[in-house]
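What follows is a set of notes on a single structure, which appears directly below.
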């Protein structure tokens with residue numbers, strides 16, 4: 001075969017390969033472009049979702065802060081963030097040797113129910129009942145549990161039905177005014193209930209801030 005024929009034959013072989021290579025490169029470039037566009041779109045979507053979530057969290061925390069501050073200023077509640085919960089030391093107190101919930105505490109309990117329903121649906125709420133040191137320890141334990149039970153029933157009557165409620169009696173332990181009993185000064189503070197909302201989360205601590213603790 002002449003050299004000219006050889007060259008022509010080589011071109012016939014190389015040309016399709018070159019065209020195929022160009023087509024392959026073009027395909028790869030298009031695939032890379034499509035893939036890059038998809039990644040960019042996913043990044044943008046993730047960023048937008050994160051920003052929306054952050055805005056929603058900020059709005060939720062702002063609302064929670066207002067409601068917690070309202071409980072504190074209007075009703076004298078002392079609220080503290082725990083490791084994984086929120087403790088409400090509410091001034092829901094009882095008469096001496098009595099477990100009935102006073103009518104004067106109804107507005108305070110109604111507000112607590114609204115906060116629990118709005119921010120913590122489904123979270124377990126422990127109702128801790130206490131007594132002053134008058135009487136035997138066993139009697140005080142039973143009395144404090146009756147107080148917790150009665151408050152639980154009041155919360156349920158106010159519409160708190162999505163949260164598991166757990167009444168517990170602690171008797172005369174953890175006294176606010178140690179030794180105060182019956183009609184002595186400070187004794188009524190010992191006859192009280194405390195609420196603990198479990199799994200309140202990080203946002204509760206943020207919402208509380210140092211001024212509300």
- Full extension from residue 110 to residue 95: what is 0.36 nm times the residue separation minus their Cα-Cα distance, to one decimal in nm? 3.3 nm
- Query: How do 176, 196 line up, fewest other C-beta atoms within 10 Å first?
  - Reply: 176, 196
- Fewest-first sequence of 60, 102, 145 by Cβ atoms within 10 Å of each Cβ: 102, 60, 145
- So residue 82 and residue 136, fully extended at 0.36 nm per residue minus their Cα-Cα distance, gain in nm 16.3 nm
- Note on the structure: Residue span residue 73 to residue 103: 0.36 nm per residue of separation minus Cα-Cα distance leaves a gain in nm of 8.8 nm
- Message: Less than 20 Å from a label point 7 Å out along the Cα-to-Cβ axis of residue 173: which backbone N atoms in segment 110-147 qualify, by residue?
- Response: 125-147
- Where in segment 110-141 does the label zone of residue 60 land, with the point 7 angstrom along Cα→C-beta and an amide N cut-off under 13 Å? 118-123
- Message: Can you give me the Kirkwood hydrodynamic radius for segment 77-208, using every pair of distinct Cα atoms, in Å to one decimal?
- Response: 14.8 Å
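Computed from the coordinates by the stated procedures, all read-outs in this text should not be read as laboratory data. If you're wondering where the values come from, they're calculated on a predicted model, not measured in any experiment. All Cβ positions, glycine included, derive from the backbone under ideal geometry; neighbour counts span all protein chains shown.
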